[in-house]
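**Q** One structure is given below, represented as structure tokens, and several questions about it will come after.
The values are calculated or read from the model by the stated rules, or taken from the named source; none is laboratory data. Note that this is a predicted model, so its numbers are computed, not measured. Ideal geometry is used to build each Cβ from the backbone, glycine not excepted, and the neighbour counts take in all protein chains shown.
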Amino acid sequence: DGGITQSPKYLFRKEGQNVTLSCEQNLNHDAMYWYRQDPGQGLRLIYYSQIVNDFQKGDIAEGYSVSREKKESFPLTVTSAQKNPTAFYLCASRQSTDTQYFGPGTRLTVL
Amino acid sequence: QKEVEQNSGPLSVPEGAIASLNCTYSDRVSQSFFWYRQYSGKSPELIMSIYSNGDKEDGRFTAQLNKASQYVSLLIRDSQPSDSATYLCAVATSGTYKYIFGTGTRLKVLA
């Protein structure tokens with residue numbers, strides 16, 4: 001099956017802890033994205049990557065880091081510098097026709 | 001600041017009626033427009049994309065684009081209770097790889 005997978009589905013973080021969210025796609029898409037969604041708000045762009053070994057900051061990159069070592073993978077690390085990380089995190093990838101497709105999401109909660 | 005505006009709702013329509021969802025955007029050079037449906041606790045799924053002025057129909061869904069007035073709308077005919085969800089409007093400018101999302105309109109179809 002082709003698609004985008006995110007893991008884990010639920011993640012709990014303690015104060016001062018770094019956590020990494022996984023995103024994998026087998027759609028052969030070049031571009032990948034990370035968004036954050038808070039209740040009652042739209043999607044806000046954290047980071048995006050157009051090609052392997054290259055990525056750009058989005059609108060709310062502070063406290064987050066990414067890597068893009070493989071075309072299929074775009075992991076997101078939520079660092080301790082992110083003071084309010086509780087949110088729904090969505091990974092997406094994009095085909096050449098501009099259309100983005102989303103993974104199932106990871107819900108992160110700070111304990 | 002480039003923006004995409006949607007009425008947050010909820011928009012309530014009776015089963016079988018036409019639901020009309022609207023979205024306005026501020027960036028005149030926007031070229032790609034998307035409607036996503038998001039059920040509570042789930043990730044967004046693509047319903048329609050539209051790139052040219054006019055109407056585009058897909059089953060019970062019709063997207064309408066008016067670039068001169070900078071709005072895009074989604075009509076859902078014969079609305080069903082299963083259509084109850086939040087509908088996100090997204091706008092992209094060709095070549096930028098960035099998408100701007102509205103905050104979504106919550107639709108409730110009453111049985």
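**Q** Scanning for something without any contact (Cβ under 8 Å) to a residue 40 or more places away in the chain, surrounded by fewer than 17 Cβ atoms within 10 Å (Cβ to Cβ) and within 20 Å of B:ILE100 (Cβ to Cβ), does region A:71-87 turn up at least one residue? Walk me through how you get there before you give the answer.
**A** Residues of region A:71-87 without any contact (Cβ under 8 Å) to a residue 40 or more places away in the chain: A:81-84, A:86.
Adding the requirement that they be surrounded by fewer than 17 Cβ atoms within 10 Å (Cβ to Cβ) leaves A:81, A:83-84, A:86.
So of that shortlist, the ones also within 20 Å of B:ILE100 (Cβ to Cβ) come out as none.
Scanning region A:71-87, I find no residue that is without any contact (Cβ under 8 Å) to a residue 40 or more places away in the chain, surrounded by fewer than 17 Cβ atoms within 10 Å (Cβ to Cβ) and within 20 Å of B:ILE100 (Cβ to Cβ), so the answer is no.
**Q** Here's a follow-up. Report, by residue number, each residue of region A:28-70 that is charged (D, E, K, R) and surrounded by 18 or more Cβ atoms within 10 Å (Cβ to Cβ).
**A** Filtering region A:28-70 down to residues charged (D, E, K, R) leaves A:30, A:36, A:38, A:44, A:54, A:57, A:59, A:62, A:68-70.
Listed by number, the residues that qualify are A:ARG36, A:ARG68.
**Q** Still on this model: Any chance you could count how many residues in region B:37-60 are touching a Lys or Arg at 6+ places or on another chain (Cβ under 9 Å), free of Cβ contacts under 8 Å to residues at least 12 places away in the same chain and buried (at least 18 other Cβ atoms within 10 Å of the Cβ)?
**A** Residues that pass the stated criteria total 0.
**Q** Going by the structure shown, is B:ASP55 over 11 Å from the mean Cα position of the chain (by Cα), assigned to a loop (DSSP other than H, G, I, E, B) and over 28 Å from A:ILE4 (Cα atoms)? Working first, answer last.
**A** Values: over 11 Å from the mean Cα position of the chain (by Cα): yes; assigned to a loop (DSSP other than H, G, I, E, B): no; over 28 Å from A:ILE4 (Cα atoms): yes.
Considered against the rule, which asks whether it is over 11 Å from the mean Cα position of the chain (by Cα), assigned to a loop (DSSP other than H, G, I, E, B) and over 28 Å from A:ILE4 (Cα atoms), B:ASP55 comes out as no.
**Q** OK, next. Just the residues that are of a type in the set (Gly, Ala, Ser), away from every other protein chain (no Cβ under 14 Å) and in a strand (DSSP E or B), please, taken from region B:8-52.
**A** B:SER12, B:ALA19, B:SER20
**Q** Out of the residues in region B:95-109 that are touching a residue at least 12 places away in the same chain (Cβ under 8 Å) and within 7 Å of chain A (Cβ to nearest Cβ), which is nearest to A:ALA31 (Cα to Cα)?
**A** Taking region B:95-109 and keeping what is touching a residue at least 12 places away in the same chain (Cβ under 8 Å), we get B:99-109.
Subsequent filtering for residues that are within 7 Å of chain A (Cβ to nearest Cβ) retains B:99, B:101-104.
Numbers: B:TYR99: 12, B:PHE101: 17, B:GLY102: 21, B:THR103: 23, B:GLY104: 24 Å.
Restricting to residues being touching a residue at least 12 places away in the same chain (Cβ under 8 Å) and within 7 Å of chain A (Cβ to nearest Cβ), the top hit is B:TYR99.
**Q** Starting from region A:90-111, take each residue that is under 22 Å from A:ARG13 (Cβ atoms) and list its partners that are modelled with pLDDT under 90 and surrounded by fewer than 22 Cβ atoms within 10 Å (Cβ to Cβ), counting only C-beta distances under 6 angstrom and pairs at least six apart or across chains.
**A** Between residues of region A:90-111 that are under 22 Å from A:ARG13 (Cβ atoms) and residues that are modelled with pLDDT under 90 and surrounded by fewer than 22 Cβ atoms within 10 Å (Cβ to Cβ), the close pairs are A:VAL110/A:ARG13; A:LEU111/A:LYS14.
**Q** Return the pair list, or none, for Cβ contacts closer than 6 Å from residues in region B:71-82 that are among the charged types (D, E, K, R) to residues that are not in a strand (DSSP E or B), at least 6 apart or on different chains.
**A** Every condition considered, the pairs that remain are B:ARG77/B:ILE18; B:ARG77/B:ARG60; B:ASP78/B:GLY16; B:ASP78/B:ARG60.
**Q** Residues of region B:81-99 being out of contact with any strand residue (DSSP E or B) (no Cβ under 6 Å at 6 or more places or on another chain) and at pLDDT 95 or above, which ones? Give the steps one after another, and end with the answer.
**A** Let us first name the residues in region B:81-99 that are out of contact with any strand residue (DSSP E or B) (no Cβ under 6 Å at 6 or more places or on another chain), namely B:82, B:93-96, B:98.
The answer is B:SER82, and nothing else.
**Q** Among all residue pairs at least 6 apart or on different chains, which show Cβ distances below 6 Å where the first residue, located in region A:1-26, is more than 26 Å from B:GLU45 (Cα to Cα) and the second is exposed (fewer than 12 other Cβ atoms within 10 Å of the Cβ)?
**A** A:LYS14/A:LEU111
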